[in-house]
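To start, the structure under review is shown below, and the notes come after it.
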Amino acid sequence: MDAQKAGEQIERELLILTRHQEMASPRRLPGNEALERSAYVLLSRIEAQGPMSVADLVDAFGLAASTFNRQTAALLRDGLVERTLDPNGGVARKFRITQKGTDALAADRGKVVDGLAEVVTDWTPERLDRFIEDLQQFNKDIERLTGRPWPR
């Protein structure tokens, strides 16, 4: 199979995967006080990388500063992050995840992990290892092409 044909099949499967993920996410479950998708992503990044300024977020995601100004304002309002001085002595204020943010992220992540574990519960260890390795390589190749690595 050539790369173009593979790209078509991967696109389709990623579309379906994204749809499954959205339908099964904790924020879609009735009566659940879950994080918004953007909050989940931003908190995950700040958790992985440490305190980040709006400029850091722009560099990390390649989106407009106005997007992050809105999103961080909501995170601040909800007490999920706090402003802090740059630990490296820079001028810009950085956003650091609060205990409330850490707890909310852990609760949502636990539900996501439990759902994923249920999907792969019957997979062999070898199949799980292969799938995880392939998925990591796929993400790392995207990060290499975009110049936006995700801290692991």
Study note, to complete from the structure: By residue number, the members of region 62-88 that are over 14 Å from LEU43 (Cβ atoms), free of Cβ contacts under 8 Å to residues at least 60 places away in the same chain and touching a Ser or Thr at 6+ places or on another chain (Cβ under 8 Å) are ASP86
Check your understanding: Any residue at all in region 78-97 that is part of a helix (DSSP H, G or I), under 14 Å from GLU36 (Cα atoms), open to solvent by less than 70 Å² (accessible area, probe 1.4 Å) and modelled with pLDDT of 95 or more?
Key -> no
Check your understanding: Just a yes or no: is a residue in region 12-34 open to solvent by less than 90 Å² (accessible area, probe 1.4 Å), of a type in the set (A, V, I, L, M), under 24 Å from GLU143 (Cβ atoms) and in contact (Cβ under 8 Å) with a residue 12 or more places away in the chain?
Key -> no
Review point. Do the conditions hold for ARG148, that is, is it open to solvent by 100 Å² or more (accessible area, probe 1.4 Å) and of a type in the set (Lys, Arg)?
Key: no
Exercise for review: Determine, yes or no, whether ARG148 is more than 15 Å from the chain's Cα centre (by Cα) and within 30 Å of GLU11 (Cβ to Cβ).
Suggested key: no
Review point. For region 92-121, what are the residues that are of a type in the set (Asp, Glu) and without any contact (Cβ under 8 Å) to a residue 24 or more places away in the chain?
Key: ASP103, ASP114, GLU118
Review point. Checking THR102 against (1) surrounded by 13 or more Cβ atoms within 10 Å (Cβ to Cβ); (2) outside any helix (DSSP H, G or I), which test does it fail?
Key: (2)
Study note, to complete from the structure: Going through (1) open to solvent by 50 Å² or more (accessible area, probe 1.4 Å); (2) hydrophobic (A, V, I, L, M, F, W, C); (3) in a helix (DSSP H, G or I) one by one, ALA60 fails only at (1)
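The values are calculated or read from the model by the stated rules, or taken from the named source; none is laboratory data. In this text, all values refer to a predicted model and were calculated from it rather than measured experimentally. FYI the Cβ positions are ideal-geometry reconstructions off the backbone, even for glycines, and counts take in every protein chain you see. Areas reflect the complete protein model, heavy atoms only, side chains present, ligands, DNA and RNA absent. Shrake-Rupley method; radii C 1.70, N 1.55, O 1.52, S 1.80 Å.
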